[in-house]
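The values are calculated or read from the model by the stated rules, or taken from the named source; none is laboratory data. Keep in mind that what you see is a predicted model, and the values were worked out from it rather than measured. Backbone-built Cβ (ideal geometry, glycine too); neighbour counts: all protein chains shown. The protein model used for the area step is the full one, side chains on, heavy atoms only, and it has no ligands, DNA or RNA in it. Shrake-Rupley method; radii C 1.70, N 1.55, O 1.52, S 1.80 Å.
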Amino acid sequence: MEIISFLSMWFIYSLKYVFLFSATKYCKLVSNEGGVELLRSLYENSRTSSRVKQLIDMTLEQCRRHVDDA
């Protein structure tokens, strides 16, 4: 696994984990700070692994449940 993919997976997994405990707070923060767009951009990148894309999907779904414009 290349380093970019590893770091991406670590980052997305960390977000997903934090959302388990304070989803409303952190989903709003991520949305307000441009994180949703960043996640979508990472998803669109051809170098992003399928596992990272799965984590992005789960994370964005969690945000959709807690923030209207995610």
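Roughly how many nanometres apart are two label points built 7 Å out from the Cα toward the Cβ at Glu33 and Phe6?
Going by the 7 Å Cα→Cβ label model, 2.4 nm.
Where does helix 50-66 land angle-wise versus the long Cα axis of the chain, in degrees 0 to 90, nearest 10?
Value to nearest ten degrees: 10.
Taking Cα atoms, how many degrees apart are the long axis of helix 3-32 and the longest axis of the chain, rounded to 10 and kept between 0 and 90?
For 3-32 against the chain, the angle is about 0 degrees.
Please give the solvent-accessible surface of Leu29 in Å², to the nearest 10, using a probe radius of 1.4 Å with every protein chain present.
Number for this one is 90 Å².
So how much accessible area does Tyr17 have, in Å² to the nearest 10, using a 1.4 Å probe?
The accessible area of Tyr17 comes to roughly 120 Å².
Please give the direction-averaged projected area of the C-alpha convex hull for the chain, in square nanometres with one decimal.
Values: hull surface 16.5 nm².
About 4.1 nm², averaged over all directions.
Express in Å², to the nearest 10, the accessible area of Ser49 obtained by rolling a 1.4 Å probe over the protein heavy atoms while all chains stay in place.
Surface open to solvent at Ser49 totals about 40 Å².
How large is the accessible surface per residue of the chain, computed with a 1.4 Å probe and reported in Å² as a whole number?
Values: 4830 Å² over 70 residues.
Each residue of the chain exposes 69 Å² on average to a 1.4 Å probe.
Summarise the accessible area of the chain (1.4 Å probe, protein heavy atoms) by the percent that is carbon and sulfur.
On the way: 2670 of 4830 Å².
Exposed carbon and sulfur together represent 55 percent of the surface.
Just to be sure I understand the model, the point goes 7 Å from the Cα along the line to the Cβ. What's the resulting Ser46 to Arg65 distance in nm?
About 3.5 nm, to one decimal.
Could you please put Lys53, Lys25 in sequence from largest to smallest accessible area, using a 1.4 Å probe? The partial results should precede the final answer.
On the way: Lys53 55, Lys25 130 Å².
The ordering from most to least exposed comes out as Lys25, Lys53.
Keeping every protein chain in place, order Leu20, Leu39 by accessible area at 1.4 Å, biggest value first, i.e. largest first.
Numbers: Leu20 115, Leu39 0 Å².
Sorted by accessible area, descending: Leu20, Leu39.
Under a Cβ-only charge scheme (Lys and Arg +1, Asp and Glu -1), can you give me the dipole magnitude of the chain about the Cα centre, in debye to the nearest 20?
On the way: 9 positive and 8 negative charges, 40 e Å.
Computed charge dipole of the chain: roughly 200 debye.
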